[in-house]
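Novice: Quick one: the structure is below, questions incoming.
The values are calculated or read from the model by the stated rules, or taken from the named source; none is laboratory data. Since the structure is predicted, the reported quantities are computational estimates derived from the model, not experimental observations. In this analysis, Cβ positions are derived from the backbone assuming ideal geometry, glycine residues included, and neighbour counts consider all displayed protein chains. Side chains included, ligands, DNA and RNA excluded: accessible areas come from the protein's heavy atoms. Shrake-Rupley method; radii C 1.70, N 1.55, O 1.52, S 1.80 Å.
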Amino acid sequence: MTPLQRVQEKFSQDILETHAFRGDETVLIRPSVLGEVAKFLKTTPELDFNFLMDVTAVDYLFFAGGRIPKEFRFEVVYHFLSLKYNHRLRLKVAVDEKNPEVDTLTDLWASANWYEREVWDMFGIKFKGHPNLKRILMYEEFQGHALRKDYPFNKRQPLIGPQN
Amino acid sequence: MSTQTRSMLLNVGPSHPAMHGVIRLIMELDGEKIKGVDVEIGYLHRAFEKMCETVTYTQCFPYTDRLNYVSPLINNVGFAMAVEKLLGIDIPERAKYIRVIMSEISRVTDHLTCIGASSMELGAMSVFLYLIKAREFLYELVEEITGARLTISYVRIGGVKADLTPGFTDRAFQKIAEVRKVLIEADKLLTRNRIFFDRMKNTGKISAEDVISHGITGPFLRGSGIAYDVRKANPYLIYDRLDFEVPTGTTGDNLDRYFVRMAEMEQSLRIIEQCFQQIPDGPIAGELTGEMLPAAEMVDRAKMGQTEGLLTDEVDLDPTLQGSTKKYYKGISADKKDVVLPPKEETYGNIEGLMNHFKLVMYGHGIRPPVGEVYFPVEGANGELGFYIVSDGRDQPWRVRVHPPCFPIMSALPKCLIGDQMADLVPTFGSVNMIAGELDR
Amino acid sequence: MSFMSSASNFFTSKMSDAMGWARKYSIFQYPFVTACCGMEYMSTAAGHYDVDRFGAGFPRFSPRQSDVLFVVGTISHKMAPVLKDVYDKMCEPKWVVAFGVCTCTGGFYDNYSTVMGIDTIIPVDIYIPGCPPRPENVIDGLMKLQDKIQKGEQSRTLYDPRTKIGRPAQLQEGYSVVQHIKHIESSS
């Protein structure tokens, strides 16, 4: 039984989408159950996802030029790894544009702390309950969130020197 | 009268002699003892991920070079493998071996730089000079194949840019022998050196639980006694055919990480040697039986329709960017017309080749993977280097995310430092091998 | 009378020549290393290429003690105030070397986070392009800098990032060695 099947079995109500494109098992869930799913992934002995390898987000604004409609603008993407079983799982959380907020996972994995700060910095997605949610890569004076698709890639906000 | 004490705040960085990288630490000190550390990063944020969204897949390679600039070939390989996974293609055997050889050379240069720089910061200047000398030997090898020393952009989607040069194996064995000599010298100078040993031993300690919780991989994780290596756990390329060990430490202090790095360099050199023994003749080597002609003449002949036998001719580039005549070594690529550029002889020689070329290079065409998302991890010099790519079916990636191995290590830096002395910052920071280009992207 | 004045001119011009000669072979550099170029900077400084032959072998990590600011690697907008601060704290006479194409023009990082050439924020004397420049290239730049030091020339121009039109730099009050010594004396 693969990790994907286990998650499907347990949370069949709240799963929006699953796929295993090129062998990467992926689950897309609603934000309301993120805490529960994460706890399930970490504490179930058959899964034992002790590594939270990566947290990032994707902005699907006008995805593929609008040809592929997306219900939710953002997806927060978690990559898990189990050292014991050497299996991986990608967990995605659909996040609405109006209220971009998901639960923090800092109490389960310490690595979530900085990754979630980065997602907040780059995408402006808030993490409820995060102990220190502030910008990490950009400076505090920076307006907007750089990796959102509606932020122009060359819009500069210099601290000193000429504006351009 | 009682003495009142309060802790002192000390700012280190972002440009500090003991910090070979741009990072700022705000430390709370009680005398010499570190009570708290606040790490601030982002001083080298160069918008790698945003830039990749504005260029085509092939044009991402120069940006990946500059992520971990001490081992750029591993980044190249990682990105190429991720795109190949997205496309679902396989590459020729010979290209796989070349990728492994170049990755391992890069891993050795990375570890050499790490140990050299951290020992220099501990006062062992001569070790730094010796190890940079060894790195110079390896850069010469890299330059011979890729044409550049550092930012190489060597790997292509579906293969590599150029084949190995004739006689490369012998030269590589010579250089490996030289590097081994230097490693033995460095080992003699450092390992039983009282100052070095005492400053590395029992400093920067971190437990295995903390390392796992922080998601740290690479020499840091192995130094804490967990033998996780992507090359063993999910073997990619041809790592499953090679015989190498994963060195581990026991206590997770700076000395263990130093030992792990030294042992890993030896293992990497072993891997290179094995690859040279196993490497098959590729689809390119041995085919060039025709005359040697300059590139311009080839184009002229092709224009007049004299394309007979053009593919078997050897083309020589005159002059190259290096200012001297150099033979053109053909790349090794998968046989996929929608991904790999045709040989130049085809492009100049017949209309199908020309159309194929333009379909791949013109704006709005190019390599078009299917809609989907993949994550591909490779073992970088600092740990698991993963590329997560989302494609929307166009020639530009919708999103490229790199999982930087330094990032979790830096988030755990306070755990390593708290409780140590102020001076222990230097060896600890040296042994985490922070590469700002990768950390801040 | 004319003899006297020409003699003093002769003396002062020879004196400045001698000063320039002395300065150009004892370059105390501040390596402001941020990024990839640092690897080539290391290679240049180490035994194989050996910048010590040009009297520039010893890096100083205090802006007060250094004459030449080597800006090695990309400068982001977050880093720019730090660079300006380091430059302002250096004593006159001072020179700046832009090492690598990111410092010269911003390179291919034309994006929201990167400064488009450090000559928009501090004056630059020598540009060493390349991504990263080869050590030979760096040594060539270093020799050009030595010429400039010999002649006593210093750049005082800042450039607009888009139009590349120069304008005189509004530098902070030049912080001279004399002032520095006075500062130390007054504080002790």
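Novice: Does segment B:47-65 contain any residue that is touching a residue at least 24 places away in the same chain (Cβ under 8 Å), closer than 13 Å to B:SER103 by Cα and outside the structural domain of B:VAL339 (by TED's automatic domain parsing)?
Specialist: yes
Novice: Quick check: anything in segment C:58-70 within 9 Å of chain B (Cβ to nearest Cβ), of a type in the set (Phe, Trp, Tyr), open to solvent by 10 Å² or more (accessible area, probe 1.4 Å) and touching a residue at least 40 places away in the same chain (Cβ under 8 Å)?
Specialist: no
Results for (1) among the charged types (D, E, K, R); (2) closer than 28 Å to C:LYS151 by Cβ; (3) not in a loop (DSSP other than H, G, I, E, B), shown as yes or no for each residue.
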| site | (1), (2), (3) |
| --- | --- |
| C:LYS78 | yes, no, no |
| C:LEU83 | no, yes, yes |
| C:PRO93 | no, yes, no |
| C:VAL96 | no, yes, yes |
| C:GLY106 | no, no, no |
| C:TYR112 | no, no, no |
| C:MET116 | no, no, no |
| C:PRO123 | no, yes, no |
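Novice: Filter segment B:111-130 down to residues that are assigned to a helix (DSSP H, G or I), more than 9 Å from chain C (Cβ to nearest Cβ) and closer than 24 Å to C:PHE58 by Cα, then give me how many there are.
Specialist: Residues that pass the stated criteria total 10.
Novice: Given the residues B:LEU44, B:LEU86, B:LEU73, which is the only one that is crowded, with 24+ Cβ neighbours inside 10 Å and within 9 Å of the chain's Cα centre (by Cα)? Steps first, answer last, please.
Specialist: Working: B:LEU44 fails: within 9 Å of the chain's Cα centre (by Cα); B:LEU86 fails: within 9 Å of the chain's Cα centre (by Cα).
The conditions single out B:LEU73.
Novice: For segment C:106-131, name all the residues that are open to solvent by 20 Å² or more (accessible area, probe 1.4 Å) and either closer than 23 Å to C:GLY57 by Cα or without any contact (Cβ under 8 Å) to a residue 24 or more places away in the chain (or both).
Specialist: Residues satisfying the conditions are C:PHE108, C:ASP110, C:TYR127, C:PRO129, C:GLY130, C:CYS131.
Novice: Might you let me know whether segment B:85-98 holds any residue that is within 12 Å of chain C (Cβ to nearest Cβ) and part of a helix (DSSP H, G or I)? Before the answer, list the steps.
Specialist: Our first condition is that a residue be within 12 Å of chain C (Cβ to nearest Cβ); within segment B:85-98, this holds for none.
Within segment B:85-98, none of the residues are within 12 Å of chain C (Cβ to nearest Cβ) and part of a helix (DSSP H, G or I).
Novice: Can you tell me which residue is nearest to C:ASP147 (Cα to Cα) among those in segment C:8-51 that are aromatic (Phe, Trp, Tyr) and outside any helix (DSSP H, G or I)? Break it down into steps so the answer makes sense when it comes.
Specialist: First, pick out the residues of segment C:8-51 that are aromatic (Phe, Trp, Tyr): C:10-11, C:21, C:25, C:28, C:30, C:32, C:41, C:49.
Subsequent filtering for residues that are outside any helix (DSSP H, G or I) retains C:25, C:28, C:30, C:32, C:49.
Working: C:TYR25: 11, C:PHE28: 16, C:TYR30: 19, C:PHE32: 22, C:TYR49: 20 Å.
Once the filter is applied, the top-ranked residue is C:TYR25.
Novice: Checking B:MET355 against (1) modelled with pLDDT of 80 or more; (2) open to solvent by 10 Å² or more (accessible area, probe 1.4 Å); (3) within 10 Å of another protein chain (Cβ to nearest Cβ), which single condition isn't satisfied?
Specialist: Exception for B:MET355: condition (3).
Novice: Looking for something at negative phi, of a type in the set (Phe, Trp, Tyr) and not assigned by TED's automatic domain parsing to the domain that holds B:ARG401 - is there at least one such residue anywhere in segment B:25-45? Working first, answer last.
Specialist: As a first pass, look at segment B:25-45 and keep what is at negative phi: B:25-30, B:32-41, B:43-45.
If we keep only those that are of a type in the set (Phe, Trp, Tyr) as well, we get B:43.
Right, trim to not assigned by TED's automatic domain parsing to the domain that holds B:ARG401 and you get B:43.
Among the residues of segment B:25-45, at least one is at negative phi, of a type in the set (Phe, Trp, Tyr) and not assigned by TED's automatic domain parsing to the domain that holds B:ARG401, which makes the answer yes.
Novice: In segment A:27-59, how many are farther than 24 Å from B:PHE407 by Cα and either free of Cβ contacts under 8 Å to residues at least 12 places away in the same chain or at the interface with chain B (Cβ under 9 Å from one of its Cβ atoms) (or both)?
Specialist: 2
Novice: Separate question: Among the strands (runs of 3 or more DSSP E) lying completely within segment A:83-164, list those that include at least 2 residues that are farther than 26 Å from B:ILE409 by Cα and more than 11 Å from chain B (Cβ to nearest Cβ). Let's see the steps before the verdict.
Specialist: Values: elements: A:88-95, A:101-103, A:126-128.
Hits in segment A:83-164: A:88-95.
Novice: Would you mind finding the one in B:GLY290, B:GLY305 that is open to solvent by less than 40 Å² (accessible area, probe 1.4 Å) and either closer than 30 Å to B:CYS406 by Cβ or at pLDDT below 80 (or both)?
Specialist: B:GLY290
Novice: Further, regarding this structure: Within segment B:254-263, is there a residue that is modelled with pLDDT of 90 or more and over 26 Å from B:LEU425 (Cβ atoms)?
Specialist: Looking for residues that are modelled with pLDDT of 90 or more and over 26 Å from B:LEU425 (Cβ atoms), one finds none in segment B:254-263, hence no.
Novice: Under 6 Å between Cβ atoms, at least 6 apart or on separate chains: pull out the pairs that start in segment B:74-90 with a residue that is within 22 Å of B:LEU150 (Cβ to Cβ) and end on any residue that is among the polar types (S, T, N, Q).
Specialist: B:ILE74/B:SER103; B:ILE74/B:SER106; B:ASN75/B:THR64; B:ASN75/B:ASN68; B:ASN76/B:THR64; B:VAL77/B:SER103; B:PHE79/B:THR64
Novice: In segment A:3-26, what residues are away from every other protein chain (no Cβ under 14 Å) and charged (D, E, K, R)?
Specialist: Of everything in segment A:3-26, those that are away from every other protein chain (no Cβ under 14 Å) and charged (D, E, K, R) turn out to be A:ARG6, A:GLU9, A:LYS10, A:ASP14.
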